[in-house]
Amino acid sequence: MADYKLLIGGNLVDGDMSMDVINPATGEPFCTVPRASVDQADAAIAAAKMAVPAWSALPWADRQAKLLELADAIAARKDELARTLTMEQGKPLAEAMGELAMTDGYLRHYATLELPDRVIQDDEAGYVGVKHRPLGVVVGIIAWNFPLLVACWKIGPAVLAGNAIVLKPAPTTPVCALILGEICRDVFPAGVVNIITDANDLGPHLTAHPDVAKVGFTGSTATGKRIAASGADTLKRVTLELGGNDPAIVLEDVDVRETAQAIFGNAFFNNGQVCLAVKRAYVHADIYDAMCGELARLAEAAVVDDGLQQGTQIGPIQNAMQFEKVKDFLATARADGTIVAGGEVMERAGYFIRPTIVRDVTDGDRIVDEEQFGPILPLIVFDDVEDVIARANASDYGLGGSVWSKDVARAADIASRIESGQVWVNQHIAIGPHIPMAGFKSSGLGVEQSVEGLAEYTQTQVVNIKR
């Protein structure tokens, strides 16, 4: 069995405690990992603080080169990481390999980004320029749905901008992050990247710590609000990528079979455990029955199994707590609507639920109004475009949304009126490292990805000289 370690100040160290990690396909532990104490969290912050001056003084190109070195080192261990990712997160091995490929692409794109000084004025009267300075110590706190990709979403821009980072993975998916720590130990100077684990108990300490300048968080809206409040006393910078209840609006002119396949893939990718997944589909009355039938057919045909088994399309729910939440949503869906596919907990070990299609529900039903974050898709009928736009926007969330139609101009006009940070036409979850990611309303604060996201890891400084 692998001997996993925390990364603190360039050293791989044991935790002051330990904890088991559950394989969601079996419901049983598959390894034991170190668990950090408050003292070790403080040591990680102190190491990061000590590393900032020398790291931020390096030329920008040198830090870019380190990101490429990190990408190469991750690629060298991709088979090990993918298999580990499937065991701790549950996703099929093919999706795990996809997460490794995305991680590689994001890191290599970050390595192309720059934040050059900008000159506003340079004449006989004076000079005004804008610089981007590193913030100092960054804490990255990540969710359990994409534990390797999101870890590098935090590490990449944070260290490229000249900061040092303390990364804390989710307690149910710490293993890939600890392997990443082994890799980072050999890539970065001591203290630039630190990786510690917890049992959901160190977050408040990290986010309130006076030596932490910024918190980058990916996770639930409820936790994001607590993080924002925790950092308020020291006015920490925060980037919060939070929950979503993404609507898909399907107009009457679509090819039902083709669109159903796309909607299904974007609703049940990673077992629906994606903040940007289709969470509610509004389908025009003219094609509602046909779309319900086609989506039910796809759900019934899906292969649900251990992600390590060849041919698996959908794995288990990631953890026991989320499993119970999804089961509760199933009961709600059964009471409020008509389940036309799935709806069952599978009779086997692990946290398995068949992909579920629910029709005859509407706004105001819990299954429509709340984020399920699991393999359930409610289908809501509509016949008036103005009404469906209002219904799609009547949510506390605003992360993503999509419109589906053969009339691209009409769909684009509707899409422009959806209140979400990302809105797509005839596609969904179309993201990339060069595309800003942001949320409206309770779906987040700030921007991730792209040069705009990189700038969030810096302090803007104006240099104003009188001549």
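Please indicate, with yes or no, whether at least one residue in the stretch 13-35 is within 21 Å of residue 170 (Cβ to Cβ) and assigned to a helix (DSSP H, G or I).
Narrowing the stretch 13-35 to residues within 21 Å of residue 170 (Cβ to Cβ): 13-35.
Next, from what is left, pick out any that are assigned to a helix (DSSP H, G or I): none.
No; the residues of the stretch 13-35 include none that is within 21 Å of residue 170 (Cβ to Cβ) and assigned to a helix (DSSP H, G or I).
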Residues in the stretch 290-311 that are open to solvent by 20 Å² or more (accessible area, probe 1.4 Å) and under 29 Å from residue 257 (Cα atoms): how many? 13
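Could you list all residues from the stretch 446-465 that are within 21 Å of residue 152 (Cβ to Cβ) and open to solvent by 20 Å² or more (accessible area, probe 1.4 Å)?
Residues of the stretch 446-465 within 21 Å of residue 152 (Cβ to Cβ): 446-458.
Of everything in the stretch 446-465, those that are within 21 Å of residue 152 (Cβ to Cβ) and open to solvent by 20 Å² or more (accessible area, probe 1.4 Å) turn out to be 446, 447, 451, 452, 455, 456.
Scan the stretch 43-61 and tell me whether some residue there is closer than 27 Å to residue 161 by Cα, in a helix (DSSP H, G or I), polar (S, T, N, Q) and over 24 Å from the mean Cα position of the chain (by Cα). Talk me through it step by step, then tell me what you get.
Taking the stretch 43-61 and keeping what is closer than 27 Å to residue 161 by Cα, we get 43-61.
Right, trim to in a helix (DSSP H, G or I) and you get 43-57, 60-61.
Those left that are additionally polar (S, T, N, Q): 56.
Filter again for over 24 Å from the mean Cα position of the chain (by Cα), leaving 56.
Yes - at least one qualifying residue is present in the stretch 43-61.
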Against the conditions (1) open to solvent by 50 Å² or more (accessible area, probe 1.4 Å); (2) among the β-branched types (Val, Ile, Thr); (3) assigned to a strand (DSSP E or B), where does residue 112 fall short? Just the number, please. (3)
Selection count, the stretch 182-206, where residues are surrounded by fewer than 24 Cβ atoms within 10 Å (Cβ to Cβ), more than 19 Å from the chain's Cα centre (by Cα) and assigned to a helix (DSSP H, G or I): 5
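Condition test on residue 133, is it basic (Lys, Arg), out of contact with any Phe, Trp or Tyr (no Cβ under 6 Å at 6 or more places or on another chain), in contact (Cβ under 8 Å) with a residue 60 or more places away in the chain and in a helix (DSSP H, G or I)? Can you show your working first?
Numbers: basic (Lys, Arg): yes; out of contact with any Phe, Trp or Tyr (no Cβ under 6 Å at 6 or more places or on another chain): yes; in contact (Cβ under 8 Å) with a residue 60 or more places away in the chain: yes; in a helix (DSSP H, G or I): no.
So residue 133 does not fit the description; no.
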Quick one: in the stretch 218-269, which of the residues that are in contact with a Lys or Arg (Cβ under 6 Å, 6 or more places away or on another chain) and within 30 Å of residue 379 (Cβ to Cβ) is surrounded by the most Cβ atoms within 10 Å (Cβ to Cβ)? 246
Residue 133 is checked against (1) touching a helix residue (DSSP H, G or I) at 6+ places or on another chain (Cβ under 7 Å); (2) within 21 Å of residue 216 (Cα to Cα); (3) open to solvent by 60 Å² or more (accessible area, probe 1.4 Å); (4) of a type outside the set (A, V, I, L, M) and fails just one. What number does that condition carry? (1)
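Would you confirm, using the coordinates I've provided, whether residue 164 is closer than 23 Å to residue 276 by Cβ and either touching a residue at least 12 places away in the same chain (Cβ under 8 Å) or surrounded by fewer than 18 Cβ atoms within 10 Å (Cβ to Cβ) (or both)? Talk me through it step by step, then tell me what you get.
Numbers: closer than 23 Å to residue 276 by Cβ: no; either touching a residue at least 12 places away in the same chain (Cβ under 8 Å) or surrounded by fewer than 18 Cβ atoms within 10 Å (Cβ to Cβ) (or both): yes.
Here the answer is no, as residue 164 does not meet what is asked.
Determine which member of the set 153, 144 is under 15 Å from residue 193 (Cα atoms), touching a residue at least 24 places away in the same chain (Cβ under 8 Å) and open to solvent by 10 Å² or more (accessible area, probe 1.4 Å). Write out each step before concluding.
Values: 144 fails: under 15 Å from residue 193 (Cα atoms).
Being under 15 Å from residue 193 (Cα atoms), touching a residue at least 24 places away in the same chain (Cβ under 8 Å) and open to solvent by 10 Å² or more (accessible area, probe 1.4 Å) holds for just one of 153, 144, which is 153.
Among the residues that make up the stretch 313-320, is at least one of them within 23 Å of the chain's Cα centre (by Cα) and surrounded by fewer than 20 Cβ atoms within 10 Å (Cβ to Cβ)?
Residues of the stretch 313-320 within 23 Å of the chain's Cα centre (by Cα): 313-320.
Now narrow it down to the ones that are surrounded by fewer than 20 Cβ atoms within 10 Å (Cβ to Cβ): 313, 320.
Among the residues of the stretch 313-320, at least one is within 23 Å of the chain's Cα centre (by Cα) and surrounded by fewer than 20 Cβ atoms within 10 Å (Cβ to Cβ), which makes the answer yes.
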On the given criteria, is residue 83 surrounded by fewer than 18 Cβ atoms within 10 Å (Cβ to Cβ), basic (Lys, Arg) and more than 18 Å from residue 460 (Cβ to Cβ)? yes
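Do you know which residues across the stretch 436-459 are assigned to a loop (DSSP other than H, G, I, E, B) and either on the phi > 0 side of the Ramachandran plot or in contact (Cβ under 8 Å) with a residue 40 or more places away in the chain (or both)?
Filtering the stretch 436-459 for residues assigned to a loop (DSSP other than H, G, I, E, B) gives 436, 439, 442-443, 446, 449, 456-457.
Within the stretch 436-459, 439, 442, 443, 446, 449, 456, 457 qualify.
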The stretch 327-365 - residue that is part of a strand (DSSP E or B) and free of Cβ contacts under 8 Å to residues at least 24 places away in the same chain and, of those, nearest to residue 260 (Cα to Cα): 339
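Check whether at least one residue in the stretch 43-61 is in contact with a strand residue (DSSP E or B) (Cβ under 7 Å, 6 or more places away or on another chain) and free of Cβ contacts under 8 Å to residues at least 40 places away in the same chain, and report yes or no. Working first, answer last.
Taking the stretch 43-61 first, the residues in contact with a strand residue (DSSP E or B) (Cβ under 7 Å, 6 or more places away or on another chain) are 43-45, 47-49, 51-52, 55-56.
Going one step further and asking which of them are free of Cβ contacts under 8 Å to residues at least 40 places away in the same chain, we end up with 43.
Yes: one or more hits.
The values are calculated or read from the model by the stated rules, or taken from the named source; none is laboratory data. In this text the structure is predicted, and so the values were computed from the model without any measurement. Using ideal geometry, Cβ is built from the backbone for each residue, glycine included, and neighbour counts are taken over all protein chains shown. Surface accessibility is based on the protein's heavy atoms, side chains included, excluding ligands, DNA and RNA. Shrake-Rupley method; radii C 1.70, N 1.55, O 1.52, S 1.80 Å.
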